[in-house]
Amino acid sequence: MRPLAAAAALALGCAGCDIEAGGTVDAVGAGDTALRLSSQFETGTFAIEPAQTTVVFSDIPYEDLARGTARNGRFLHVEVLWRPRPGKTPIEPSSTNLSIRFVVVSIGEVGVYVGGGFGFISAGRPGDGEIEVDITGASISLVDKTPGFVDLLSPAEMTGTLGAFENADNARATRRESSQFVTNRLGKVRWVGMPAAAVTNAR
């Protein structure tokens, strides 16, 4: 997908949808300073994959990701591994149905946070055209960074509510370009992985 086409796709709304795209997530560090990092996203898209639903949010212009020129911003990639069923799914602190990758770009330096947690899911099935992910509690930690990146969060708890519209081409293109951007900055491949707990709970 060309950059301008992807940017235009992100700007499209969903006629008749009840969910608003974007939202805010907070990452609160567990250290003595309890630093809070709030990230607000204006857009979001998702793709229904064979094994999970991929949801992506970014406040970095697609062109800057594709060209590798991003200086500041955040990218959030959430994989919905399984859906809680009211009255049937036991809600425990160890439950993990979300796999998360959170990329922070600050003055050209990059930090990659990875983790997992639990969230309630609204819509997001074939034909719905929209999804809402309510992250009630996820743990993330820094797994990689460029030399000049200063980590003030790890470990941190992430919470927030986000909405996205179905646009498989855009979601996959944004995920691909963000992964390539991070790979180029780190000098090695860094992909989001599925937590072992999530694999267990998904069965």
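Some observations on this one:
- Residue 189 accessible area, 1.4 Å probe, all protein chains in place, Å² to nearest 10: 100
- Sites residue 72 and residue 128, calculated FRET efficiency, Cβ-Cβ separation with R0 35 Å, nearest 0.05: 0.60
- Simple Cβ-charge dipole of segment 104-154, Lys/Arg +1 and Asp/Glu -1, about Cα centre, in debye nearest 20: 120
- Positive-pole candidate from 105, 121, 146, dipole of segment 94-176, charges at beta carbon: 146
- Straightening the chain between residue 152 and residue 30 buys 42.9 nm, computed as 0.36 nm per residue apart minus the Cα-Cα spacing.
- Around the Cα centre of segment 99-193, unit charges on the Cβ atoms of Lys, Arg, Asp and Glu (plus for the first two, minus for the last two) sum to a dipole of about 480 debye.
- Efficiency of FRET between residue 144 and residue 83 - r from beta-carbon atoms, R0 25 angstrom, step 0.05: 0.25
- Ordering 139, 178 by accessible surface, largest first, gives 139, 178; the 1.4 Å probe counts only protein heavy atoms, with every chain in place.
- Accessible area per residue (1.4 Å probe, heavy atoms of protein chains only) ranks 43, 53 as 43, 53, with the largest value leading.
- Projecting the Cα atoms of 44, 137, 163 onto the charge dipole of segment 27-170, computed from C-beta unit charges around the Cα centre, puts 137 farthest toward the positive end.
The values are calculated or read from the model by the stated rules, or taken from the named source; none is laboratory data. Please read all numbers here as calculations on a predicted model, not as lab measurements. FYI the Cβ positions are ideal-geometry reconstructions off the backbone, even for glycines, and counts take in every protein chain you see. Protein only, heavy atoms only, side chains kept; ligands, DNA and RNA dropped before computing areas. Shrake-Rupley method; radii C 1.70, N 1.55, O 1.52, S 1.80 Å.
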